[in-house]
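Peer 1: Just passing along the structure, written as structure tokens.
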Amino acid sequence: MSAIIEVENLTKKFKDFTAVNGITFSVEQSDIFAFLGPNGAGKTTTLKMLAGLLYPTSGSARVLGYVPWERDDGYRRQFALLLGQKNQLWWDLPARESLELNAKIYGISPAMLERTVAEMSELLAVREPFYKQADVLINTDLRSVREAAQQIALQFKLATRGKR
């Protein structure tokens, strides 16, 4: 079995700060893989390099046979990155309207939106918060709705993979 992610001595520096320092690892197709570490450990920076959003200072990486920062069209059609701290909600809209807006942006059919929202709201036990404006949700509701919105956005990305 060959590795789907291969990273060798990958480093990213921002001026005098080293965010990622010479990491090396590989991930096989059947592996379950996670980055664990404290804030500032370089987890998000590494993911951004593997997604092709940042160029490394040095080192190499191949994901699905592609060099991510070359941004080959074939790679971009196969790879999606959804970062947990990124908010999928528009602050001044009800959460439901934010999801509808994202569905339109990504070309998701109304039927797919309804099915995915129903599945995720049931899975995460949120329904009413979807109809509240994001800036008036209490923290617990907002956290649940954000998690649901992130899951829905991921489902949208997976559903539209290769359709553009």
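Peer 1: At q = 0.20, 0.22 Å⁻¹, what is the log10 ratio I(q)/I(0) for the stretch 3-76, with the Debye formula run over Cα points and no solvent?
Peer 2: Values, matching the q order: -0.84, -1.00.
Peer 1: Beyond a 28 Å Cα-Cα separation, which of these cross-linked pairs lie in this structure: LYS15/LYS104; LYS13/LYS104; LYS15/LYS43?
Peer 2: Pairs exceeding 28 Å: LYS15/LYS104; LYS13/LYS104.
Peer 1: Find how much the distance from SER26 to THR57 grows on full extension, using 0.36 nm per residue of separation minus their present alpha carbon separation; answer in nm with one decimal.
Peer 2: The span from SER26 to THR57 would gain 9.2 nm if fully extended.
Peer 1: Using the Cβ atoms and a cut-off under 12 Å, what net charge is assigned to the surroundings of SER58, where Lys and Arg are +1 and Asp and Glu are -1?
Peer 2: +1
Peer 1: Using each residue's phi in the stretch 45-50, evaluate 6.51 cos²θ - 1.76 cosθ + 1.60 at θ = phi - 60° and report the 3J(HN,Hα) Karplus result to the nearest Hz, with x for Gly and Pro.
Peer 2: 4, 4, 4, 5, 5, 5
Peer 1: If you don't mind, another one. Nearest 0.05, what FRET efficiency do ARG115 and VAL67 give at R0 = 35 Å with Cβ-Cβ as r?
Peer 2: Details: r = 36 Å, r/R0 = 1.03.
Here the calculated transfer efficiency is 0.45.
Laboratory data are not the source of any read-out in this text; all were calculated from the coordinates shown. Computed from a prediction, not measured in an experiment: that's the story for all the values here. Methodologically, a virtual Cβ is constructed for each residue, glycine included, from the backbone with ideal geometry; neighbour enumeration extends over all protein chains shown.
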